[in-house]
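One structure is given below, encoded as structure tokens.
The values are calculated or read from the model by the stated rules, or taken from the named source; none is laboratory data. What you are looking at is a predicted structure, and each value in this text was computed from that prediction instead of being measured. We place every Cβ from the backbone using ideal geometry, glycine too, and count neighbours over all the protein chains shown. The accessibility values were calculated without ligands, DNA or RNA, using every heavy atom of the protein model including side chains. Shrake-Rupley method; radii C 1.70, N 1.55, O 1.52, S 1.80 Å.
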Amino acid sequence: MKQFNKLALPYIIWIIVMIIVPMLLIVLYAFTVQGNEVLTFRFTLSNFVRFFSDAIFPTVMWRSLKMAFFTTLICIALGYPTAYIMARLSPNNQKLTVLLITAPMWINMLVRTYAWKGIFVRLSLPTEARVYIGMVYNFLPFMILEIYNALNKIDPALFVAANDLGADEKQTFLRVTLPLSLGGVVSGITLVFLPAVSSFFIPKLLGGGRYVLIGNLIEDYFITTGDWNFGSAISMIMAVIILISMYVMKKLDKEPAEVSD
């Protein structure tokens, strides 16, 4: 067993170098000011005070949360019926529909977003609508596949039992299918909401730079203005929101599992 444990060493090193160290640097930058020397740091909370004292930054944060929230709702509204229909198809047709849904994901998301940018050149749509379309298009497959997997795992015997007990199709859906598929919905929400709230290139490309989200602010302060300290502070605030969202999703994911047990 110890020999197998050694195989994990390269992965541990990779995690430390590529994840833990960058996160520690972000924390360090967030709580320090610009112009620090190598061994002399001036710690401060001014970066966080700046974020919450200027009305622009909380407004952008709220806009990002609203965008992610409605994107997730639209993905649920479109994804659940699609996944439900897929789960009721024959096995061969299920494989075909899964292939059709996942095929666009074989192409890089950035390339797909550029394709939508070319389409919107010929369409006169509001900027916000363009960003919503880009968000939903890129994240909808994750919602569909998660719900489809949850529906596909439901034991068909439960439907037979519900029918024997006198339940019609609507009652079977509300009392059997929907409760047992909520785990897939929660997983889909996690896979859609979290990347949507931090997305930066979709609003940048489809919004033409006029629709700024929190991800765009972080990118600008790191790349354009060079204020890594303030950019790190925004990143930390965003990370806290994401962690809270993940905790809530985890709590919600346990409840359907307890019901099904």
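Just so you know, in the stretch 204-241 the residues that are open to solvent by 30 Å² or more (accessible area, probe 1.4 Å) and among the hydroxyl-bearing types (Ser, Thr, Tyr) include one that is nearest to the chain's Cα centre (by Cα), and it is Tyr221.
Regarding Pro141, is this residue out of contact with any Ser or Thr (no Cβ under 8 Å at 6 or more places or on another chain) and either farther than 21 Å from Ala103 by Cα or crowded, with 19+ Cβ neighbours inside 10 Å (or both)? Answer is no for this residue. Can you tell me which residue in the stretch 63-81 is farthest from Pro179 (Cα to Cα), limited to those that are more than 15 Å from the chain's Cα centre (by Cα) and open to solvent by 50 Å² or more (accessible area, probe 1.4 Å)? Looking at residues that are more than 15 Å from the chain's Cα centre (by Cα) and open to solvent by 50 Å² or more (accessible area, probe 1.4 Å), I get Arg63. Determine whether Arg122 is closer than 17 Å to Gly207 by Cα and either of a type in the set (Lys, Arg) or at pLDDT 95 or above (or both). So Arg122 passes the test. Within the stretch 43-62, the set of residues being touching a residue at least 24 places away in the same chain (Cβ under 8 Å), open to solvent by 60 Å² or more (accessible area, probe 1.4 Å) and among the β-branched types (Val, Ile, Thr) is empty.
Here's a check for you: in the stretch 168-203, which residue that is over 19 Å from Leu140 (Cα atoms) and touching a helix residue (DSSP H, G or I) at 6+ places or on another chain (Cβ under 6 Å) is most open to solvent (accessible area, probe 1.4 Å)? Checking each candidate, the answer is Leu180. Within the stretch 118-132, residues that are among the β-branched types (Val, Ile, Thr) reach partners that are exposed (fewer than 13 other Cβ atoms within 10 Å of the Cβ) with beta carbons closer than 9 Å, at six or more positions or on different chains, in the pairs Thr127/Arg210. Among residues of the stretch 243-260 that are under 11 Å from Thr190 (Cβ atoms), none has a Cβ under 8 angstrom from a residue that is modelled with pLDDT under 70 at a sequence gap of 6+ or on a separate chain. Cβ-Cβ contacts under 8 Å between residues 6 or more apart (or on different chains), taken from a first residue in the stretch 165-191 that is more than 18 Å from Ala87 (Cα to Cα) and touching a residue at least 24 places away in the same chain (Cβ under 8 Å) to a second residue that is of a type in the set (Val, Ile, Thr) and open to solvent by less than 70 Å² (accessible area, probe 1.4 Å), are listed as Ile189/Thr72; Ile189/Ile76.
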